[in-house]
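Read-outs: derived from the displayed coordinates by stated rules, not from any lab. Quick caveat, the model's predicted, so the values are computed rather than measured. Heads up, the Cβs are rebuilt from the backbone with ideal geometry, glycines too, and the neighbour counts pull from every protein chain shown.
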Amino acid sequence: MNGYLRTAILMAAMTALVLGLGALIAGGTGVVLALVFAGAMNAYAWWNSDKLALRMHNARPADTREGLELQRMVADLANRAGMPVPAVYIIDEDQPNAFATGRNPENAAVAATTGLLRRLSREEVAGVMAHELAHIRNHDTLIMTITATFAGAISMLANFALFFGGNRNNPLGIVGVLAMMILAPLAAALVQMAISRGREYEADRVGAEICGNPHWLADALERIQAGAARIDMNSAERNPATAHMFIINPLHAHAHDKLFSTHPATENRVRALRAMAPGRGNGGRTRPAASVRSGPWG
């Protein structure tokens with residue numbers, strides 16, 4: 001199934017959960033209130049998600065020497081991808097990682113940790129930045145903001161219904177109401193994770209095309225996974241709801257490809273990227289690699 005169609009279906013499922021909970025709370029009136037509630041939350045997230053995400057991780061503008069080099073790299077890759085150049089930020093964390101945020105390509109930002117710049121080669125950093133640019137170009141930053149907001153709205157509505165008892169005069173009966181209140185947040189979380197996983201694979205594919213060498217991103221994913229498994233990211237641990245934004249899950253408890261993981265298994269992503277290399281099943285259609293000065297960062 002086409003990735004965009006699958007995302008649309010899953011987001012429709014999230015909407016249905018919001019409406020279902022609204023109906024359980026107050027019948028037809030509850031449906032209207034639930035739509036207004038979800039719409040207000042999404043409107044707030046639309047305008048403020050990028051600022052909130054950057055603030056949560058104490059990101060600072062990339063205006064140091066290493067930051068200016070990163071800005072030049074991101075600008076070159078964005079021009080190669082035919083998209084606006086996003087703002088560039090640095091997060092003072094030793095764990096190698098990165099994320100993108102913003103409501104659209106014209107209002108977007110990418111952020112990389114100091115650990116990423118210290119521990120990865122220029123080619124690997126270019127692969128990571130290309131992956132984040134792919135998220136922006138594919139509008140994944142907006143999609144994930146909306147799904148996270150919907151998931152939060154569903155959990156709040158379920159708690160509200162549980163506290164006030166819900167609409168007892170419904171076809172499901174009181175047992176059905178209680179089941180819906182408990183299972184709806186779980187279903188919302190699973191939908192959110194399914195969307196996140198699918199968008200990661202697509203961003204890997206597009207990112208490899210942007211930088212021109214799938215091995216750069218594959219090597220970077222392996223290095224980042226090894227670092228994330230042993231190095232804490234304090235800002236992510238304080239804000240676990242943002243874990244899905246990063247290229248590799250920064251939380252140690254959810255590093256593997258389990259039911260509740262927001263990311264696919266790194267080995268699966270690496271395998272798919274290696275298969276994209278010329279002569280490995282795509283007829284050699286990978287674009288020439290971007291011009292990146294070789295060697296370690298800095």
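A full extension of the chain between ARG230 and ALA289 corresponds to an added length of 18.1 nm, given 0.36 nm per residue minus the alpha carbon distance. Residues VAL18, VAL85 in ascending order of nearby Cβ atoms (within 10 Å, fewest first): VAL85, VAL18.
Among 126-134, 98-106, how do they line up from the highest to the lowest mean number of other beta-carbon atoms within 10 Å?
So the order, starting with the most tightly packed, is 126-134, 98-106.
Cβ-Cβ distance of GLU222 and ASP92, R₀ of 35 Å, FRET efficiency by 1/(1 + (r/R0)^6): the value works out to about 0.90. By other beta-carbon atoms within 10 Å, ranking LEU68, LEU17 with the fewest at the front produces LEU68, LEU17. Remark: spin-label model distance ASN58-TYR201 equals 3.7 nm, labels positioned 7 Å along the Cα→Cβ axis. Here the spin labels are modelled as points 7 Å beyond Cα on the Cα-Cβ line, and at TRP47 and ARG72 they lie 3.9 nm apart. Only beta bridges with both residues in the range 90-133 are counted; by DSSP, about 75 percent of them are antiparallel.
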